[in-house]
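Working notes, structure below.
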């Protein structure tokens, strides 16, 4: 299977997930003259939407760049990719539970919703670590030899992210506020990691362009 087929399929899933997130927004029940208050009361939905949109969005950025650096794929890589997508697709459900728990402010429900959200983030980060590790062990899949530096730089970022989400998961049983802080911190960390990785990718392309081409 060609990498562009896998990437197109994965991009479609990410697009559908973000679309599903928007479907959480519905016109609230309200009495005449109180629409504003009813909309403001939906702030948990908006908050969790922004949170999950940001998270799924940065995952897509990493995923897109991952396959952009490949020349070919394998059956095992496709299976690993499907495993990662499986966990990502569950984020829409976790987001709905997150918003519902915040809306009703029941502590037991909040702890469960926060724990589930953090657990999925942990599993997704772990899946990206497996993907990067696999590619580093199978360099023949890389588009160019210089791409090795890109994946070497990224390899441990998912582990750091997983560590943050593991702390968020554990903290959810004691303090949902602390758990939320680590959840947000993990997403911000991913954006920072992506920005750093993009710089590494640009430097790699510059070095490649400086290599003198052989004359025919």
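Every condition in (1) surrounded by fewer than 18 Cβ atoms within 10 Å (Cβ to Cβ); (2) modelled with pLDDT of 90 or more holds for residue 214 except the one numbered (2).
Tally the residues that are surrounded by 15 or more Cβ atoms within 10 Å (Cβ to Cβ) and either in a helix (DSSP H, G or I) or at pLDDT below 95 (or both), restricting the search to the stretch 164-180. Result for the stretch 164-180: 11. Residue count for the stretch 161-184, restricted to those that are out of contact with any helix residue (DSSP H, G or I) (no Cβ under 6 Å at 6 or more places or on another chain) and under 15 Å from residue 121 (Cβ atoms): 5. Per the conditions (1) more than 15 Å from the chain's Cα centre (by Cα); (2) modelled with pLDDT of 95 or more, the sole criterion not satisfied by residue 52 is (1).
Checking 93, 49 one by one, the residue that is under 26 Å from residue 184 (Cα atoms), without any contact (Cβ under 8 Å) to a residue 60 or more places away in the chain and in contact with a helix residue (DSSP H, G or I) (Cβ under 6 Å, 6 or more places away or on another chain) is 49 and no other. For the stretch 17-46, taking the residues that are in contact with a helix residue (DSSP H, G or I) (Cβ under 7 Å, 6 or more places away or on another chain) and at pLDDT 90 or above, the one that is nearest to residue 106 (Cα to Cα) is identified as 44. Scanning the stretch 130-163 for residues that are part of a helix (DSSP H, G or I), surrounded by fewer than 16 Cβ atoms within 10 Å (Cβ to Cβ) and modelled with pLDDT under 85 turns up 139, 148, 149, 152.
The values are calculated or read from the model by the stated rules, or taken from the named source; none is laboratory data. Just so we're clear, the structure is a prediction, and the values are computed from it rather than from any experiment. Positions of Cβ are generated from backbone atoms using ideal geometry, with glycine treated the same way; all protein chains shown enter the neighbour counts.
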